[in-house]
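Working notes, beginning with the structure itself.
Just so it is clear, none of the values below were taken in a lab; they were calculated from the coordinates. Predicted model only: the values in this text are computed from it and were never measured. Virtual Cβ from ideal backbone geometry, glycine too; neighbours counted across all protein chains shown.
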Amino acid sequence: MKIVDFSDIGSYILPEDQRCYFKDPLDIVLTTAEEIEEFVNSIEESKEICKVITVGDESTRTLLEKNLIPDLAIIDELVKRKKVKVVDTTNFFEVKTTNPAGTIALEAWNTIKDVLKKDDIKIIIKITGEEDLLVLPVILETPYNSKVLYGQPNEGLVVVTVTEEMKIKVKNLIQKMVKINEN
């Protein structure tokens, strides 16, 4: 099995002229309650899935309502740019970091990388700023056969299966962003 190496981790900003490449869902979209229920049941029955990770308050809330606690949840306590408290964090060890809107901050990327090494506890990362683009480093840092879920506005819940091909796709997306010099 080939392993994607993305050694150029750092802080990135998404320029306006590149945003069009980030609009489409990365993988399948669940649009109905029945599809979400089927997905949750398949996760509970599977022995092959490595980790389940949610990025976003609504996607995290959706799984928690179905009694599926993700291994890692990343939230910013915002839904459609409005402050909310939709996630009960009592089942998680809480970590905080910062990630400005429209960016992937090195601090946030390193936090994701560090917490994914912990297999024995459920972790929630609370973001000051915005978590939207953090789905990209999550996919790069997450083991193969994991499921990464995030909300696609006005469409549904995106379920990304982490594969070599998906990591290459995500690496190519990150390369459309501008790396910020951190001196």
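In percent, what relative contact order does segment 28-178 have, based on Cα pairs under 8 Å that are 6 or more apart in sequence?
Working: 256 pairs, mean separation 43.4, N = 151.
Reported relative contact order: 29 percent.
If you place +1 on the Cβ of every Lys and Arg and -1 on the Cβ of every Asp and Glu, how big does the dipole about the Cα centre of segment 64-183 come out, in debye to the nearest 20? Display every interim value, and only then the final one.
Details: 18 positive and 18 negative charges, 52 e Å.
For segment 64-183, the charge dipole is close to 260 debye.
Which loop GluC sites (Glu not before Pro) in segment 34-67, with loop taken from DSSP, have no more than 14 other Cβ atoms within 10 angstrom of their Cβ?
Taking segment 34-67 and a limit of 14 other Cβ atoms within 10 Å, the loop GluC sites (Glu not before Pro) found are 48.
Can you tell me what share of the DSSP beta bridges in the chain is antiparallel? A percent to the nearest 5 is fine. Display every interim value, and only then the final one.
Working: 16 of 34 bridges.
Just about 45 percent of them are antiparallel.
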Distance cut-off 25 Å, Cα to Cα: go down the list 51/169; 83/167; 66/167; 23/179; 85/122 and report the pairs above it.
83/167; 66/167
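Applying 1/(1 + (r/R0)^6) with R0 = 41 Å to the Cβ-Cβ distance of residue 45 and residue 113, what FRET efficiency is obtained, to the nearest 0.05? The partial results should precede the final answer.
Numbers: r = 29 Å, r/R0 = 0.72.
Rounded to the nearest 0.05, the efficiency is 0.90.
How do the peptides 113-119, 124-130 rank, highest first, by the average count of neighbouring beta carbon atoms within 10 Å per residue? Walk me through the intermediate numbers first.
Working: 113-119: 13.7, 124-130: 18.9.
Highest to lowest by the protection proxy: 124-130, 113-119.
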If you take the charge dipole of the chain about its Cα centre, with +1 on Lys and Arg Cβ and -1 on Asp and Glu Cβ, which of 73, 106, 180 is farthest toward its positive end?
180
Kindly provide the Kirkwood hydrodynamic radius of the chain in Å, to one decimal, from all pairs of distinct alpha carbon atoms.
16.5
